[in-house]
Each structure stands twice: as structure tokens, then as C-alpha cells.
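Computed from the coordinates by the stated procedures, all read-outs in this text should not be read as laboratory data. This one's a predicted model, so the numbers in the text were calculated from it and none came from an experiment. FYI the Cβ positions are ideal-geometry reconstructions off the backbone, even for glycines, and counts take in every protein chain you see.
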Amino acid sequence: MGMWDSQVLKAMVLNGLGFIERRLYLFPDFFDDIAVERLLGEGITRDHLNDDVLGRTLDAIAAYGPTELFNEIVATCLLPTDFGSHCIHIDTTNFSVTGAYEPDLDVGEIEITYGHPKDGRWDLKRFVLGMASNQYGVPLFLQTFSGNESDKETILTIIQHLNENLHSDEKVYHVADSAFYTAKNLKTLGQHTFWISRAPVTIKEVQDLVRTEDPLLPCTDDRYSYQEHCSEYAGIRQKWVLYRSVPMYEREEKTFEKNLVKNLDRARTSLRKLCSREFACEPDARMAAEIWLNKHPRYQFHNLDIATITRKQEKKRGRPKNGEPVQVSYKITAEIEHNPAVLAEEQRILGRFVLATNDPELSADELLANYKGQGAVERGFRFLKDKSFRVAEVFLKKTSRIQALAMVMVLCLFIYALTEFRVRRELERTGETVTSQTKKQTQRPTLKWVFFRFRRVREFVVVEEGRRVKRVTNLNEELQKILRLLGKEYEKYYS
């Protein structure tokens, strides 16, 4: 990528972080009232930032390699700092797209295709975005995948690429949700790439552990209790820790009670279908009833009976006469009600989950704290899909440009999260505060609020002794404080 491509990329990031109702493909309009020369370089005007320039820059990013370019930016920005990556949180999401796309055979291609939608739009094609963030929510790695890729494969691919590209002197844990936890993935990574994952409840050993009646010990955080176990699942030595979360229990209890009536209605609909069937003999009918009950253990039969249906073999009017051959079948008649013992057991295990790791040295408290940071990458995805960000709806001509735009999206998140972290860290280090949305003093402002505070800062031109001089207005004392804390690289744009 050339110098001009870098300036256009910078302009795209400024547009992406503008938090206005405009998509990136309309981004020249964003710079109508922006100090373009001050931000991008002398002689650059908004007319230079047109759709053709944007397209060429996206093509340049695609040709260079979106993942490779992002890795270099991350390394340059983070290596000179004390910014750690003790835990790397990995997750995937997908973005719906519309229109047809021209493949670029000479560029590493993904396929824009139908897959499992996380936005409910089964009618739209999509692509998958995989992202890894550190414990502060700053993305460290991104990769795009075809729209029908499985989370099981994509998360493993990301971890393998992370091991190749990110190097750390400290022990690093790769944290992922239960989609990662498969026998194949665990065997592939082995014993020396450390990971933390939620163990899926589809595994029988996990189900048995969740249902244990043995007492749990209190965590340091008194909202949680735990029980430690050893496991050799998939031939990998692991520590499994069963947790009970009070906040999770309270949330799940509300949902549990709310769904009781809804699920009972569904069960009754299923039972009516069973009761409409006819069986050749009474034992077959009773067996079908037992099979239904085994599939619906939350319920028990009330007034179960087997009715006999008699029909003449020949279609004639009237009742069958004595000795006339008849056809006999059997139908189930039944009503259901909740099984109180089963409901009590289901309620008892609400709020329980199992975390697994292949590092036996992690304590239950450390394991829980490290996993809870998984919300960092999920918050990043919410940022990318925020309606004020407006890049979730992608209208581009080439698949390669979508991959490049995905990199720009994550780069916006990288700059946002890293800057927010630095503002908060410097406020805490110096003991200073800024005014929050609620007019209170805080050391943890959101960067979106900081952007909002800077919205009135403008460049204007005055004539002094016959010369046109550019000035900055509305830069009050608190905004100057924020710039001072961030450093000279930030101050230079306002001086």
C-alpha cells in the first residue's frame, strides 16, 4: 500500500468513527465540514475522497492481505507499550449482505453464501468475521470466512494463526465459548497451547457434573460457588470447574417460569398429533405413549387411556352384524400436566455451568475471572453492528472488497478500544477526572462520550496582517486535559 492509500484508509477510519447515519460508501459527504487538510495532509480536499478512490484503496488492502495489514498495525501500535495480552478472547459473528459479488481469483477468496444467520435473515447471503481481542476489548487479530463456515473450524483456525503471529513472554490463554470445545479441536491444540472454554452441556459427563448434589465451595466473588474436577476428555488432561452463579440463576429462573406455559402449549400440540394416530394393537399404543413421555420428561400423563376403534372392512351403512369381519385399531387419549419432581430438579441446577482448561495451575477464581472477559469480544461485535456505525449493511461489488472493508471495520474498533483504554488509564494514573453524561466526575468515560464532547471543536480561518491563518475554536479546558493525557501525537492536530 502506498502513502495515498494510507491517507484514504485514515479517512475511512475517521468516517467510521464519526457515529453518524451515513454508510462508508457515502463517506465523501462526511468531510463537508471537517478540517481535511489538518487531519489528512496539506493539499488534500474532500473532492479527493471520492467513491473511485475508496474502491481502489479497498482493492489495495485486499491485494496486500487484510489480515496481514491488520497484524502489522497491531504490532506497531502495541509492541512499544506495556499493553498485555494475558487472555485472548476469540469469537465469531456474521454480517448479512445483498447483491451479487464478483470473485477475485488472484486474491484469497471467501464465499459470500447462505449460512446460519445470527440476525435471523435467512433470506440473505453473508460472510463470517472472526476476531480475537485482549482482556481490555482491543482486537488483536481478525479473519474473514465464508458465510457457511462452522464456528468449530473458524475458532480453531484463528487460534492457530494467533500462535503464528502473536508472540508473548507470558503465559497466554485462548478463551472461547463452547463452540470451540470439540474432541478434534482439543487434540489438534494438544497440551501446550493453553485454552479456556465453556464445556458444552451436550457432553454426558458435563450433564452429570451439573446435576451433582455435592456441596459447592464459595469463590472470592461471593456471587459464585465452585467444585473442581479432573477430566481426560478427548485424551487431554484438563481441569473442569463447576460453577453456580447467583446472577445467572436469577436470570434463568425468570425465563424458566415465563416459558413454562409456552412449552406446555407446545407439548399439548405434540400430544394431540400423537392422539390422532391409530395403532394396530394396544401394546403399540402404550409403547408410543411411553416413547413420547421419555422425549418430554417435564410432563406426566393425566387420565391416560387406550380407546378401541372398530370399523367394518367393507364400506356399508349401519353397525357391523354379528360375525361380520371388522377392522380394529387403537388410539391414545390422554392429558398431561407438569411433573413436579422434574421441575424441582431443573430449577435446582439453574445458574450452573462448567468451565474447562488444559492448565491445571489455574485456580477456580482465576479461571472464572479469565473467562468472564469473554464479554470483551462480544462488546466489540455489538460496536461493529451498532446502527450509528452503519457498516453492517455492505453494498460492494467484489468479495475481496468486503474482506477489506471488514478489516477497516475492525481497525475502527481497534483505534476506539485502544484510545478508550489509554484515556481511562491516564485518568487513573494521574488521579484526574472528566465530566460524564450524568454531569458527574468519572475516570472511566466511554470514548463515544468523549467524541460527543469534541463535536463542537471546529477549525476556522481568520485574516491577520493580510494572511489567512487557521485557528481551532471551542477547545475548552477539559478537552485540552484529555488531549494532554493522550500525548503530543494527539495534541498536534489541535495546536
Practice task
Tell me the label-point distance for the pair residue 39, residue 274, using the 7 Å Cα-to-Cβ offset, in nm and rounded to one decimal.
Solution key: 6.4 nm
Fill in the blank from the handout: Using alpha carbon centers only, the stretch 133-179 is separated from the stretch 237-284 by a whole-angstrom value of 34 Å
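With +1 on each Lys and Arg Cβ and -1 on each Asp and Glu Cβ, and nothing else charged, work out how big the dipole of the chain is about its Cα centre, in Debye to the nearest 20.
Values: 72 positive and 71 negative charges, 441 e Å.
Charge dipole, the chain, about its Cα centre: 2120 debye, nearest 20.
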Exercise for the section: Run the quick spin-label model on residue 72 and residue 365: label points 7 Å from Cα toward the beta carbon, then report their separation in nm to one decimal. Expected result: 4.5 nm
Problem - Computed helical MRE - 222 nm, the chain, DSSP H runs ≥ 4 contributing -39500 (n - 2.57), nearest 500 - result: -12500 deg cm²/dmol
Fill in the blank from the handout: Taking Cα atoms only, helix 246-275 is inclined relative to the longest principal axis of the chain by an angle, in degrees rounded to 10, of 40 degrees
Problem - Rough spin-label spacing in nm, given labels placed 7 Å along Cα→Cβ, for residue 302 and residue 214 - result: 3.9 nm
Practice task
About the Cα centre of the stretch 350-460, how large is the charge dipole given +1 on each Lys and Arg Cβ and -1 on each Asp and Glu Cβ? Please answer in debye to the nearest 20.
Solution key: 900 debye
Handout entry: Likely footprinting exposure, 449, 122, fewest C-beta neighbours within 10 Å first
Key = 122, 449
Problem - Net charge over other residues, Cβ less than 10 angstrom from the Cβ of residue 354 (K, R count +1; D, E count -1) - result: +1
Exercise for the section: In square nanometres and to one decimal, what's the mean projected area of the convex hull around the Cα atoms of the stretch 344-495? Expected result: 17.7 nm²
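For residue 4 and residue 433, FRET efficiency with R0 = 35 Å and r from the beta-carbon atoms, rounded to 0.05?
Working: r = 41 Å, r/R0 = 1.17.
The computed FRET efficiency comes out at 0.30.
Between the DSSP loop rule and a limit of at most 15 other Cβ atoms within 10 Å, which GluC sites (Glu not before Pro) in the stretch 186-230 are left?
Numbers: sites: 205, 213, 228; in loops: 213.
Taking the stretch 186-230 and a limit of 15 other Cβ atoms within 10 Å, the loop GluC sites (Glu not before Pro) found are 213.
Between residue 397 and residue 451, what is 0.36 nm times their sequence separation minus the Cα-Cα distance? Round to one decimal in nm. Please report the intermediate quantities before stating the final value.
Details: separation 54, 0.36 × 54 = 19.44 nm, distance 3.19 nm.
Taking 0.36 nm per residue and subtracting the Cα distance, the gain is 16.2 nm.
Take the Cβ-Cβ distance between residue 472 and residue 63 as r, set R0 to 60 Å, and report the resulting FRET efficiency rounded to the nearest 0.05.
The pair residue 472/residue 63 has a calculated efficiency of 0.95.
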Practice task
Any lysines with Cα under 29 Å of the residue 295 Cα? List them, leaving off those in the same chain fewer than 8 positions away.
Solution key: 118, 152, 204, 254, 258, 262, 273, 331
Problem - Mean shadow area of the stretch 252-346 over all directions, Cα convex hull, nm² - result: 7.7 nm²
Fill in the blank from the handout: Neighbour-count ranking for 342, 261, 410, 53 (other C-beta within 10 angstrom, fewest to most) reads 261, 342, 53, 410
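Need the full-extension length gain, residue 29 to residue 183, defined as separation in residues times 0.36 nm minus the C-alpha distance. One decimal, nm.
Working: separation 154, 0.36 × 154 = 55.44 nm, distance 5.13 nm.
Gain in length upon complete extension: 50.3 nm.
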Completion exercise
Given a Förster distance of 51 Å, the FRET efficiency implied by the Cβ-Cβ spacing of residue 348 and residue 47, rounded to the nearest 0.05, works out to 0.15
Exercise for the section: List the extent of the Cα atoms of the stretch 202-301 along each of their three principal axes, largest first, rounded to whole Å. Expected result: 59, 36, 20
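Translational diffusion coefficient of the chain at 37 °C, 0.692 mPa s, Stokes-Einstein with Kirkwood Rh over Cα pairs, in µm²/s as a whole number.
Details: Rh = 27.4 Å.
D = 120 µm²/s.
Please order 89, 116 by the number of other Cβ within 10 Å, starting at the fewest.
Numbers: 89 27, 116 13.
Sorted ascending by nearby Cβ count, the order is 116, 89.
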Problem - Values of log10 I(q)/I(0), in the order q = 0.13, 0.31 Å⁻¹, for the stretch 432-491 under a Debye, Cα-only, solvent-free model - result: -0.43, -1.36
Problem - Gain in span if fully extended, residue 465 to residue 490, counting 0.36 nm per residue against the direct Cα distance - result: 6.0 nm
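Charges only on Cβ, +1 for Lys and Arg, -1 for Asp and Glu: so what's the dipole of the stretch 432-491 about the Cα centre, in debye to the nearest 20? Working shown, then result.
On the way: 15 positive and 8 negative charges, 61 e Å.
About 300 debye.
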